[in-house]
Amino acid sequence: MTVEIWGDVRAALRTTIGKNSYQSWIEPLEFVGIKDEVATFAVPTTFIGNYVQQNFGEQIIYLLGRSGAAARRLHFAPAGQSQPAVQATARPTREAEPEAAENQAGAGLDPRFTFDRFVVGKPNELAHAAARRVAEGGPVTFNPLFLYGGVGLGKTHLMHAIAHELRARDPELNVLYLSAEQFMYRFITALRERRMIDFKQMFRSVDVLMVDDVQFIAGKDSTQEEFFHTFNALVDGQKQIIISADRAPGEIKDLEDRIRSRLQCGLVVDLHPTDYELRLGILQTKVELYRGQYPGLTLAPGVLEFLAHRISTNVRVLEGALTRLFAFASLVGREITLELTQDCLSDILRASDRKITVEEIQRKVSDHYNIRLSDMIGPKRLRAYARPRQVAMFLCKQLTNRSLPEIGRRFGGRDHTTVMHGVRKIEELRAKDSQIADDLELLRRALEG
Ligand code: ADP
Ligand code: MG
C-alpha cells in the first residue's frame, strides 16, 4: 500500500520541483517502507540522501502525510543497509563498531539541535543557563544535571546542544548520549550475549554520560539496578552526568528510592510550558531558516502571532505546523495568509485548541475588575462596566474560535458591530495605555495557564 503512496508522492514532486531535479534526485530513491513514523529510502550514495533530506525532506514528509502515510522523519540508507541506524546496532557482528563511531563522530545527535538554534525565554532560561554551564566543561560542579519538563519543550535539544558544544571544545572527550530505552536495550543485549564486562567497561569509560527520558526505566528492575551502578561509578570518577525526564525525580513512579535521591543530589531544573512570547520567538527564528529554503514565499502580517496564540505549548507541534504551512504554500504557490493557515492547519488547530470558553473569560475578567458577572453581560453602559466588557470581548476574539456574532450573543445579545467596536477600542488602548496592556497580559496568562 505504501508503495502506491510513494507513487503519488513522486508524481506530485515531479510537478513541483521540475523534471530535471526530479530525475537527478527523486528517481534514484528506492522506497523501503515506513516504520514508527520513519520513512526509509535506499539511496545509491549518501550524498544523494543528504541532498534530498535538505532540499526536499519537508515536502516529502508533507506529501506522505497528505496521502495518509504519516512520517515524522526520513531515513536514507546507502544501498544494502536499509535498516534505520538504531537497529543496525542490534546486529551482533557489527556491535562494537557503531558504539565506537557513536562516541566520536556525533552520530545519534541531531545536528540542528545546537545552542544557536535554541530560543531562550522566561520558561526555559534556567534550564538553558544550566545547560550552557555544563557545556563549558571543566571541573564538575553539579552532578547530575537533571532536566525535566513536558513533551516537546526542548529537553533533547538542550542535551544534544551540550554534547555538540563539549565535542567542539574537546574532540577527544568521550561523550555518550543515549535514551534510557537504548540503555536498557544495550543492557539486555549484553546480558543475553554474556558481554556484561564489555558493557560495564564501555559505560564506565565515558567522560560525559547523557541519558534521555530516564522515566522509561522506572519499574524495570534489573535495568534500574545497572543504571544505578553505572551512575555511581561515574559520579565517583568525577564524570559529568546529564539526565532528562518528563517529570521531577520525586514524581517518577516505580523508581527506586536510592536512585531518586541520587538524581536529586545535583541540580534539578525544569522547562516550563512555553508562553506566547517564547512561541512567537521560536516561530520567527524558524521562518528565518525557511526563507532560504522557500525563496519568494511571503507571510502575511499576523500569521505568526495567530499561531503563537493558538498552538499548544509543545514546540514540536508548533514546528510541524510551520513546516506544513510552508510546504503547502510553496506547492500551491500562494502567499501565506491567515485564511490559508486556518485551512491548512485546521486539524492541528482543533487538536491544540485549549478550549477556553467565553464564560471562563467573562468570569475571570469580572473577577479581575471586581464587578458582577451580571453587570458585565447586562445592558448597563457605565464606563466601570463597559471597559471590562470590552476587555472580555477582546479576549474572546483572541482566545476562542467564536465569531463576532457568537460573542455578541453571549454578551447579552449584543450586535456583532458592538463586539467589533469593543475589540478595536481595546486594541487601540493596549498600544498607549500600559495599565490595559498589563491587565490583558495578566488575564491571558491566567486563562491559558
Ligand atoms: P523534548 O525532548 O523536551 O520532548 P525536544 O528537545 O525534542 O523536546 O524539542 C522538540 C522540538 O522543538 C525540537 O525540534 C526542538 O528543536 C524544538 N524546540 C524546543 N524548544 C525549543 C527552543 N527553545 N528553541 C528552538 N527550538 C526548540
Ligand atoms: Mg526528548
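Every number here is computed from the coordinates shown, using simple stated rules; none is lab data. Bear in mind the structure is a predicted one, so any value in this text is a computation, not a measurement. Quick reminder, even Gly has a Cβ in these numbers, built from the backbone with ideal geometry, and neighbours come from all protein chains shown.
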Of all DSSP beta bridges located in the chain, what percent are antiparallel, nearest 5?
-> 15 percent
Computed on Cα atoms, Rg of the stretch 330-388 relative to 2.2 N^0.38 Å comes out at 1.79
Burial order of peptide ranges 39-49, 377-387, 186-196, 308-318 (average beta-carbon count within 10 Å, highest first) = 308-318, 39-49, 186-196, 377-387
By how many degrees, 0 to 90 and rounded to 10, does the Cα axis of helix 434-448 deviate from the longest principal axis of the chain?
-> 60 degrees
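With +1 on the Cβ of every Lys and Arg and -1 on the Cβ of every Asp and Glu, and nothing else charged, how large is the dipole of the stretch 167-283 about its Cα centre, in debye rounded to the nearest 20?
About 380 debye.
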Using a Förster distance of 25 angstrom, determine the FRET efficiency expected from the C-beta separation of A386 and Y276, and round it to 0.05.
-> 0.40
Qualifying GluC sites (Glu not before Pro) in the stretch 331-395, DSSP loop, other Cβ atoms within 10 Å at most 16 = E335
Please give the helix 315-332 orientation as an angle from the longest Cα principal axis of the chain, in degrees from 0 to 90, rounded to the nearest 10.
-> 80 degrees
The relative contact order of the stretch 115-270, taking Cα pairs under 8 Å that sit 6 or more residues apart, comes to a percentage of 35 percent
Per-residue HN-Hα couplings for the stretch 69-76 [Karplus 6.51, -1.76, 1.60; θ = phi - 60°; Hz; x = Gly/Pro] = 10, 5, 9, 9, 9, 10, 10, 10
Relative to the first principal axis of the alpha-carbon coordinates of the chain, what is the inclination of helix 155-169, with its axis defined by its Cα atoms, in degrees from 0 to 90 and to the nearest 10?
-> 50 degrees
q = 0.16 Å⁻¹, the stretch 276-351: log10 I(q)/I(0) [Debye, one scatterer per Cα] | -0.49
Log10 I(q)/I(0) at q = 0.08 Å⁻¹ for the chain, from Debye over equal alpha-carbon scatterers, is -0.60
Size of charge dipole - the stretch 263-408 - debye, nearest 20, with Cβ of Lys, Arg +1 and Asp, Glu -1, no other charges | 560 debye
Euclidean distance of C-alpha centroids, the stretch 213-254 and the stretch 380-411, integer Å = 51 Å
Size of charge dipole - the chain - debye, nearest 20, with Cβ of Lys, Arg +1 and Asp, Glu -1, no other charges = 1520 debye
List the relative contact order of the chain as a percent without decimals, with contacts defined as Cα pairs under 8 Å and 6+ residues apart.
-> 12 percent
